[in-house]
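Reviewing the structure listed below.
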Amino acid sequence: MQVYMVERTLKHISMDELSGAQAAAIDKAVEMTTSGEAIRYLRSTYVPGEGRCMCLFEANSENAVKRLNDKIQVPYDKVTSALDLTPAN
């Protein structure tokens, strides 16, 4: 599977709304995987001062990531292929 980054502009979002969006992404990824379309939410980084949020997903295609985000109705600016450089523990 490939890693994809979802870039969002979420100005004026509350922490409760942000938590809800994250939970929706996690739940939808589990649902889609159970239905046979492997996708996994990895993590997000939010920059409150700029209202920017970057979310990482693992999936077989960019379209799967777009479908997930369209289904949960959380706005996004773009989805791009990315490299996850988190060091292994």
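The values are calculated or read from the model by the stated rules, or taken from the named source; none is laboratory data. None of these values were measured; they are calculated from a predicted model. Don't worry about glycine lacking a Cβ; one is built from the backbone with ideal geometry, like all the others, and counts go over all protein chains shown.
Annotations
- When residues in segment 1-16 are screened for being part of a loop (DSSP other than H, G, I, E, B) and charged (D, E, K, R), 1 of them pass.
- Out of P48, P75, one residue alone is within 12 Å of the chain's Cα centre (by Cα) and at pLDDT below 95. It is P75.
- Applying the condition of being under 18 Å from P75 (Cα atoms) and among the acidic types (D, E) to segment 27-62 and asking which residue is surrounded by the fewest Cβ atoms within 10 Å (Cβ to Cβ) yields E50.
- Test: residue in segment 74-83 that is among the acidic types (D, E) and either free of Cβ contacts under 8 Å to residues at least 12 places away in the same chain or out of contact with any Lys or Arg (no Cβ under 8 Å at 6 or more places or on another chain) (or both): no
- Those residues of segment 1-16 which are among the basic types (K, R) and modelled with pLDDT under 95, in sequence order: K11
- The single condition from (1) of a type outside the set (G, A, S); (2) in a helix (DSSP H, G or I); (3) closer than 11 Å to E7 by Cα that T80 fails is (2).
- Every residue from segment 1-26 that is more than 16 Å from Y76 (Cα to Cα) and touching a residue at least 24 places away in the same chain (Cβ under 8 Å): M1, Q2, V3
- Pairing each residue of segment 56-72 that is free of Cβ contacts under 8 Å to residues at least 40 places away in the same chain with any residue that is of a type outside the set (G, A, S), provided the two are 6+ apart or on different chains, yields C-beta distances under 7 Å for A64/E37; A64/I39; K66/V79.
- Considering only residues in segment 17-45 that are of a type in the set (D, E) and part of a helix (DSSP H, G or I), the one that is modelled with the lowest pLDDT turns out to be E17.
- Among the residues of segment 51-62, those that are out of contact with any helix residue (DSSP H, G or I) (no Cβ under 6 Å at 6 or more places or on another chain) and at pLDDT 95 or above comprise R52, C53, M54, C55, L56, E58, N60, S61, E62.
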